[in-house]
Amino acid sequence: MTSNGTAKETSVREAGIAHAAQRLPSVIVDDYNIELKDGDGFVGDRVSKAAFREMLETCRARMRALGPDPLGDRDSCDFSKRRLDHILLAEDTLASGTVFSAIEAFAQELARVVRLFLAQEGWQGTQAIAVGGGFRDSRAGCLAIGRAGYLLRAEGIDITLEPIRHHPDEGGLIGAVHLAPAWIFSGYDSLLAVDIGGSNIRTGVVTTNLRKAPDLSRSEVWRSEIWRHRDDEPTPTRDEAVERLIDMLTDLIRRADRANLSLAPFIGIGCPGLIEADGTITRGGQNLPGNWESDGFNLAERVAASIPRIGGHATMVVMHNDAVVQGLSEVPDRKDVTRWGILTIGTGLGNARFTNRETEQAEG
């Protein structure tokens, strides 16, 4: 066995749980990171943030064929989520109607994509789907989700489609507490979490508040930091991105120590793509800076080597797909169903399907 292989196995063994594990403390991950295709290509491309902007531009073009553009001269890609939400509530009914038309078009596509997911073997019997990602963080996004949910139920599909409970920026961090084995919380009140995306990298300290809620339902982000790597010029290399991530985590460790938090020696990482048990990424990392899918690159090992100890104990690093981790933030709120999933709408379409372990054990 090579020394690299030994290091990878040791990392997983010390964590007490494998990277990208199927059986987590609260749920079984039935499926994730499906890349569905049809005759038009990847179906996820039709329900991304970029796809919504294209739909908005199409609606505006129809108006321009008859007269002035009700949204003015600004490019559709330059409207912020906040600005679009303001237009929806403004007195200019034609402008708000144009945005509503784009929302309707997006909702129709979202409903279509959900139908395709429900037809997959790993998604059979899904009772509820939470929708996260940056698109959910807007009134326009929530309206599209609600409309798609209506369309599905109107067709007789018995499923609940609704936005995730937490703000998506926080959900991607809070979900990390459900990656950790239960014993890690003994004597600690917080842990480090990382949410890596195609546009930014976010790190945070999540407090568990176990005394208030043993089921982790009161977990919250105490402090977080964000780096929008997509805005940097020139585009950062992979090594520069990793160094920046480690600096962010190191800063949070110092802040937690000054605040007298008892930080667990655990770092939970959500990252796009298909994650192997040894922590490598085999596909799906194309939107990240540099080549993260190389056989010679292991983010978990790099982080553990740079932050070998937290509070005097060996650091445990566990990685999973970012949609899985964001979905895990919903665990305390999904006890009323057996099988549920998440779709994350952002740069791309993340996805994961879960089965609650308590329900599974009861059925068994």
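What does the charge dipole of the chain about its Cα centre add up to, to the nearest 20 debye, if the Cβ of each Lys and Arg holds +1 and the Cβ of each Asp and Glu holds -1?
Around 640 debye, computed over the chain.
For the chain, which whole percent of the accessible surface, found with a 1.4 angstrom probe, sits on carbon and sulfur atoms?
Within the chain, the accessible surface is 46 percent carbon and sulfur.
For the range 191-227 and the range 45-97, what is the separation of their C-alpha centers, rounded to whole Å?
Comparing the Cα centres of the range 191-227 and the range 45-97, I get a distance of 34 Å.
Can you give the Rg to Rh ratio for the range 292-364, taking only C-alpha atoms and Rh from Kirkwood?
1.10
Order the following by accessible area, largest value first: HIS313, HIS229. Probe radius 1.4 Å; ligands, DNA and RNA are ignored.
HIS313, HIS229
Specify the angular offset, from 0 to 90 degrees and rounded to the nearest 10, of the alpha carbon long axis of helix 3-15 from the longest principal axis of the alpha carbons in the chain.
The angle comes out at about 80 degrees.
Quick check: residue separation of GLU293 and ASP40 times 0.36 nm, minus the Cα distance between them. What number comes out in nm?
88.5 nm
Compute the accessible area per residue over the chain, keeping the other protein chains in place, probe 1.4 Å, unit Å².
Per residue, the chain has an accessible area of 45 Å².
Between PRO214, PRO236, VAL47, whose Cα lies farthest towards the positive end of the dipole of the chain when Lys and Arg beta carbons carry +1 and Asp and Glu beta carbons carry -1, centred on the Cα centre?
PRO214
Helix 93-118 against the longest principal axis of the chain: what's the angle in degrees, Cα atoms only, rounded to the nearest 10?
Once rounded, the angle reads 50 degrees.
Using a 1.4 angstrom probe on the protein heavy atoms only, could you order MET55, MET63, MET248 from most to least accessible area?
Per-residue accessible area, sorted high to low, gives MET63, MET55, MET248.
What translational diffusion coefficient, in µm²/s and rounded to a whole number, does the Stokes-Einstein relation yield for the chain at 4 °C and a viscosity of 1.567 mPa s, taking the hydrodynamic radius as the Kirkwood radius over Cα pairs?
61 µm²/s
Give me the distance in nm between label points sitting 7 Å out from Cα along the Cα-to-Cβ direction at GLU57 and ARG258, one decimal.
Label at GLU57, label at ARG258, 4.5 nm between them.
If you count the DSSP beta bridges with both ends in the chain, what percent of them are antiparallel, to the nearest 5?
In the chain, approximately 60 percent of DSSP beta bridges are antiparallel ones.
Out of GLY125, LEU143, VAL114, whose Cα points farthest toward the positive end of the dipole of the range 67-226 (charges: +1 Lys, Arg; -1 Asp, Glu; placed on Cβ)?
GLY125
As an exercise, use a Förster radius of 56 Å and the Cβ-Cβ distance of ALA90 and ALA314 to find the FRET efficiency, rounded to the nearest 0.05.
Plugging the Cβ-Cβ distance into 1/(1 + (r/R0)^6) gives 0.50.
Please compute the Cα-Cα pair-distance distribution of the range 157-248 with 5 Å bins starting at 0, giving whole percents from short to long.
Values per bin, smallest distances first: 3, 12, 21, 19, 15, 13, 10, 6, 2, 1.
Whole number please: convex hull volume per residue of the Cα set in the range 34-83, in Å³?
So the per-residue Cα hull volume is 80 Å³.
Each label point is 7 Å from the Cα along the Cα-to-Cβ direction; what then is the distance between the points at ARG230 and ARG218, in nm?
So the label points at ARG230 and ARG218 sit 3.7 nm apart.
Can you work out the PRE-style zone for SER199? Point 7 Å along Cα to Cβ, and I want the residues of the range 157-189 with backbone N under 14 Å.
Answer for the range 157-189: 168-170.
Apply 1/(1 + (r/R0)^6) to the Cβ-Cβ distance of ARG283 and ILE246, taking R0 = 22 Å, and write down the FRET efficiency to the nearest 0.05.
Using R0 = 22 Å, I get an efficiency of 0.35.
The values are calculated or read from the model by the stated rules, or taken from the named source; none is laboratory data. Model, not experiment: these values are computed from the prediction. Cβ sites come from the backbone with ideal geometry, for glycine too, and all protein chains shown count toward neighbours. Each accessible area value is taken on the protein alone, full model and side chains, heavy atoms only, with ligands, DNA and RNA left out. Shrake-Rupley method; radii C 1.70, N 1.55, O 1.52, S 1.80 Å.
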